[in-house]
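See structure below.
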Amino acid sequence: TMGFYKDTLVVDSVSSQLVTMGSWEWAVYATLCVIGGQKVSEPFAHARSLQAKNIIMRNFSPSTDPLANQRREFLENMGIPSVWFHEACAYRCANEGDVVGYVDNIKRVSLQDALMTLEAAIIPAMLLESPEKTLELLDAFNSLITGESQNHWEKPNGCGTIHRFLILCKRVEALSKVALSDISTYRDEIYELNDNASSLADAISNITIPAPCLIMKTDFMLKMSPRDFLFSEAERTLSLLRMKLHALQKNRGCATDAPTLNNCASQLAFDLSCDGMFGTSIVPTGDSSILRGRCGFKI
């Protein structure tokens, strides 16, 4: 028994030296050698695995280490799970303020964590700028949703609600371009979209926005709009969509541009003081309010 623990101390010492020399991948190998050739208890094996993982988390850095991919290939051939490397990249991105990089990596580790970051940071930042790109992003995530993350996706203030909203806007826009002489052939679709708009409006009207829960840096260039404002604008846009659908039901013409978050002039923007919604400290230079700056309102 004494020899086993002495061996463990020697291996730990060698691992520390290897990390210091820059050969951390061999330190991972050495750390796991202790449990590779002899029978050990399950708690001890778990502890050694965590120790090896911590070495990877601290040292794997593709952005600064030109040999990172070679080291990763060596360790994966040895049996190290690839998810460890994605997790290491995710938390390195979090420390560097790379929100998009964090989501791209953490979705391979925990899809729910990725969705939480999308809701809190990425969607508010890009939705008003580019609904089309936001829809493409959510389409990609929708294909990844499994049973365990379905509830989080479908919650009223979740990504699924925004996804359905953007799909609805896109479908109404397509219907708006149909000739009035042909609109009667889309009657069933119009009724379906009207029902969808009503159910979405009911869901959004009952939304409560939780406090921000991001434990990470964010890029100073990432300008996020308040989530309660986004849902208020979505609710207002849904009212306009329903009016447009009602006009189509009556076989009446309507504007060809579908009302979306980035082309609906919100009355909120005109009611703000010159200091903006939260004062001058976070308002972009040259804009009289955060809403005017994000939505393009110039008064």
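The values are calculated or read from the model by the stated rules, or taken from the named source; none is laboratory data. The model shown is predicted, which means the values in this text are computed figures rather than measured ones. Virtual Cβ from ideal backbone geometry, glycine too; neighbours counted across all protein chains shown. These area figures cover heavy atoms from the full protein model, side chains too; ligands, DNA and RNA do not enter into them. Shrake-Rupley method; radii C 1.70, N 1.55, O 1.52, S 1.80 Å.
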- Message: Defining a contact as two alpha carbons under 8 Å apart and six or more residues distant in sequence, what relative contact order in percent does region 1-151 show?
- Response: 13 percent
- Message: With θ taken as phi - 60° and the coefficients 6.51, -1.76 and 1.60, list the Karplus ³J(HN,Hα) couplings across region 159-169 in order, rounded to whole Hz; mark glycine and proline as x.
- Response: 5, x, 5, 5, 4, 5, 4, 5, 4, 4, 4
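Using a Förster distance of 51 Å, how high is the FRET efficiency between Asp139 and Met21, based on the Cβ-Cβ distance and rounded to 0.05?
It comes to 0.65.
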- Förster radius 41 Å - calculated FRET efficiency between Ile167 and Asn69, Cβ distance, rounded to 0.05: 0.60
- Task: With a Förster radius of 22 Å, plug the Cβ-Cβ distance of Val109 and Val14 into 1/(1 + (r/R0)^6) and report the FRET value to the nearest 0.05.
- Result: 0.15
- Item | For region 44-57, 3J(HN,Hα) per residue [Karplus equation, 6.51 cos²θ - 1.76 cosθ + 1.60, θ = phi - 60°, Hz, x = Gly/Pro] | 5, 4, 5, 5, 5, 4, 5, 5, 5, 4, 5, 4, 5, 4
- Query: Can you pull the accessible area of Thr146 for me, 1.4 Å probe, Å² to the nearest 10?
  - Reply: 70 Å²
- Charge dipole of region 1-143 built from unit charges on the beta carbon (Lys, Arg +1; Asp, Glu -1), centred at mean Cα; most positive-end Cα among Gly79, Asn142, Ala68 is Gly79
- Grab the other residues whose beta carbon is less than 12 angstrom from that of Thr64, score K and R as +1, D and E as -1, and report the net. -1
- Query: Can you give the accessible area of Arg72, probe radius 1.4 Å, in Å² rounded to 10?
  - Reply: 50 Å²
